Structure formats: C-alpha cells, structure tokens
Amino acid sequence: MAVSTENILNLVDIRIIAYGSDDYAAELQLRDRVLRKPLGMSLFDEDLTRDKADIHIAAFYDNVLVGCLLLLPVAENVLKMRQVAVDEAFRSNGLGGLMVDFAEEYAQKQGYKKIELNARETALAFYERHNYSVTGEQFFEVGIPHRKMLKVF
Ligand SMILES: CC(C)(COP(=O)(O)OP(=O)(O)OC[C@H]1O[C@@H](n2cnc3c(N)ncnc32)[C@H](O)[C@@H]1OP(=O)(O)O)[C@@H](O)C(=O)NCCC(=O)NCCS
C-alpha cells in the first residue's frame, strides 16, 4: 500500500547528526546514491575530510536516513547549503522543503544572515519556492549546469 504524503511527513524526524557517526555513514551512502552515481561518479573518490566542518542535517523515516542537507560556515554571517538530497522514493512529499526550513531555523538561531548555494539547474524551482534568488551566470560543477543562489534573512 502506498504511503500518503501526510503520513510520510508525520513520521519524519529531522535532526542534526554527528560527523563520523553511524548516521553519517548512512548519509554518505545516500549522497553517493543520489548525487554522484547518476553522474557516473563516486562520492568516495572525493576528499571527504572537509565534511568535518559542516553541520549535518538528516531526515529519518522509520529510523532510516532518507534525506540530508549540509551547512558549511563560509564567512562570519554566511552559511553555504550543499549536498541536499532526498531518497528517490520519498521525493515530492515536502521532505526537501522541511529540511530547508529546518536549516534556515538553525541558521537564524545561530545568528547567520545569509545562506548561499550552488543549485543544479534541475533544482532551481525547488529553491526559488523557498525564496532563494539566482545571483550569477550558469557554471559547471560535477559536469552539470549550476547557478549560484542566495537567501538573505
Ligand atoms: C531537490 C530535492 C532535494 C527536493 O526534495 P523533495 O523532498 O522532492 O522536495 P519537496 O517535496 O519539498 O519539493 C519538491 C516538489 O514537491 C512538491 N511538493 C512539495 N510539498 C509537497 C506536498 N506536501 N505534497 C505534494 N507535493 C509537494 C512541490 O511541487 C515541489 O516542486 P518544486 O521542486 O517545483 O518546488 C530532491 O528532488 C533531490 O534529492 N533531487 C536529486 C538531488 C538534487 O538535485 N539535489 C539538489 C542539488 S542542488
């Protein structure tokens, strides 16, 4: 039986997880599966040591990690949102949006004033819906077109 959007969102838990934990290992698997394998790449070929500086936000459904979003402090008042991914089976239920809301609430509580990100062009509409604005021309990252986006609180 299909699980309804309402049930999914009621059962989702979003929280900050620790770098190096078992949850972090599950996050790496999700990032590899969603963000790298479809491009013919492997996350595990990259230098992942910089992950240590990120705040790791994860979404759990029935204690299984099904979404992630990282926040990297890049300047005194600025965070960079990166590695936003939702398991394919859970997309279009508002889960990505909930992680963005969680990230923004965290950022504001910590006194950050801006969140910047490099959006895949395929995800522009998703971020625009959350009031992120395109700030630059198209560029390529991991072989696919991106645009810089920004939200100022
Ligand atoms: C981009 C991504 C993280 C969005 O996650 P998601 O959980 O599907 O996001 P949401 O469900 O909040 O929003 C996606 C769409 O679902 C729809 N939606 C949102 N809430 C909904 C709800 N409660 N019920 C039904 N549909 C809903 C919206 O139409 C939204 O459309 P939009 O993208 O045009 O704004 C996900 O598609 C993904 O992992 N993509 C592959 C990796 C990727 O591109 N990451 C971004 C890199 S910059």
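Where a number appears in this text, it was derived from the coordinates with a stated rule and is not lab data. Keep in mind that this is a model prediction, so the values were computed, not measured. So basically every Cβ, Gly included, is an ideal-geometry build from the backbone, and we count neighbours across all protein chains shown.
Through the Karplus equation 6.51 cos²θ - 1.76 cosθ + 1.60, θ set to phi - 60°, convert the phi angles of segment 130-147 into ³J(HN,Hα) values in whole Hz; use x for Gly and Pro.
So the Karplus estimates, Gly and Pro as x, are 9, 6, 8, 10, 5, 10, x, 6, 5, 9, 10, 9, 6, x, 10, x, 9, 9 Hz.
Choose one answer from Met81, Met99, Met41: the residue with the largest mean-square fluctuation in a GNM of the chain with alpha-carbon springs under 10 Å.
Per the Cα network of the chain with a 10 Å cutoff, Met41 tops the list.
With the chain treated as a Gaussian network of Cα nodes joined by springs under 10 Å, which of Leu95, Leu48, Leu30 yields the largest mean-square fluctuation?
Of Leu95, Leu48, Leu30, the most mobile in the Gaussian network model is Leu48.
Report the full-extension gain for the segment Lys80 to Asn7: residue separation times 0.36 nm, less the Cα-Cα distance, to one decimal in nm.
Here the segment from Lys80 to Asn7 would lengthen by 23.2 nm.
Which whole-angstrom value gives the distance between the alpha carbon centres of segment 103-132 and segment 32-84?
If you average the Cα positions of each part, the centres end up 14 Å apart.
With unit charges on the beta carbons (Lys and Arg positive, Asp and Glu negative) and the dipole taken about the Cα centre of the chain, which residue among Phe139, Ile17, Ser42 sits farthest to the positive side?
Most positive-ward Cα: Phe139.
Under unit Cβ charges (Lys, Arg +1; Asp, Glu -1), what dipole magnitude, rounded to 20 debye, does the chain have relative to its Cα centre?
The dipole of the chain has a size of about 420 debye.
May I ask which residue of Val64, Tyr112, Gln83 lies farthest towards the positive end of the charge dipole of segment 5-152, with charges of +1 (Lys, Arg) and -1 (Asp, Glu) on Cβ and the Cα centre as origin?
Tyr112
Between Arg33 and Leu48, with labels modelled 7 Å along Cα→Cβ, what's the label distance in nm to one decimal, could you check?
Each label point is offset 7 Å from its Cα along the Cβ direction, giving 1.4 nm.
Within segment 59-82, list the residues whose amide N lies under 13 Å from a label point set 7 Å along Cα→Cβ of Phe139.
No residue passes the distance filter.
Given the options Ala123, Ala89, Ala26, which has the most mean-square fluctuation in a GNM of the chain, springs set between C-alpha atoms less than 10 angstrom apart?
Ala89
Report, to one decimal in Å, the Kirkwood hydrodynamic radius for the chain based on all distinct Cα pairs.
For the chain, inverting the mean 1/r across all distinct Cα pairs yields 16.0 Å.
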